[in-house]
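A quick write-up on the structure given underneath.
Each value in this text was obtained by applying a stated rule to the coordinates, not by laboratory testing. Owing to the predicted nature of the structure, the values given are computational and were not obtained by experimental measurement. Here Cβ is always computed from backbone atoms with ideal geometry, including for glycine, and neighbour counts include all displayed protein chains.
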Amino acid sequence: PYQGDTIGTTPREDEGGVDNQEGQHVRRVRHECVAVGLSTAQFRDQSNMPGWDGNSYGYHGDDGRIFHGLGENKKSYGPKFGPGDNVGCGLDYASRRIFFCKNGEFLGYAFDRVDESLIEAGLYPTVGLDSQCPIFLNFGSKPFKFDLQGFARLSGESD
């Protein structure tokens with residue numbers, strides 16, 4: 001299985017603001033999102049967040065929802081994530097299930113029976129950014145917060 005880590009973001013105040021019709025100054029809040037997931041090489045990463053097309057799967061930090069297919073096909077899944085959080089994504093090849101973890105805790109399987117043709121085409125770690133916050137990625141150069149080896153052992157025993 002693959003597993004990678006990232007740091008998320010949260011909304012922040014936009015500089016400036018607007019005056020409403022009553023002459024009051026209202027601060028705008030900028031909506032920011034980091035999404036973590038897997039995608040094929042055909043995923044159009046310049047115009048989509050992970051999960052917004054049929055070539056990708058994503059878990060979005062701004063609302064805790066998972067996506068696959070069109071952006072409207074969302075499903076409640078896990079908690080929101082933001083600064084200081086560590087989010088991982090994994091693919092159990094034997095069962096063809098995608099899972100996520102947050103701060104080392106398994107959040108459960110998000111997607112069951114991933115299409116074999118997508119797995120055969122190759123699924124790659126994917127991070128979507130609609131944020132000005134820095135993120136940090138770990139593809140195994142440092143230990144993962146999530147115990148991937150222990151999970152693989154337990155997963156192998158239960159299958």
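Convex hull volume of the C-alpha atoms in region 79-131, normalised per residue: 95 Å³.
Computed on region 40-105, the Cα convex hull volume stands at 106 Å³ per residue. Remark on region 120-159: ratio of C-alpha radius of gyration to 2.2 N^0.38 Å is 1.64.
Region 44-159 has equivalent-ellipsoid semi-axes of 21, 19, 14 Å, by the square roots of 5 times the alpha carbon gyration tensor eigenvalues, sorted largest first.
Loop-only check: which chymotrypsin sites (Phe, Trp or Tyr not before Pro) in region 121-159 are DSSP coil with at most 16 other Cβ within 10 angstrom?
Those that pass, being in a loop and sparsely packed, are Phe136, Phe139.
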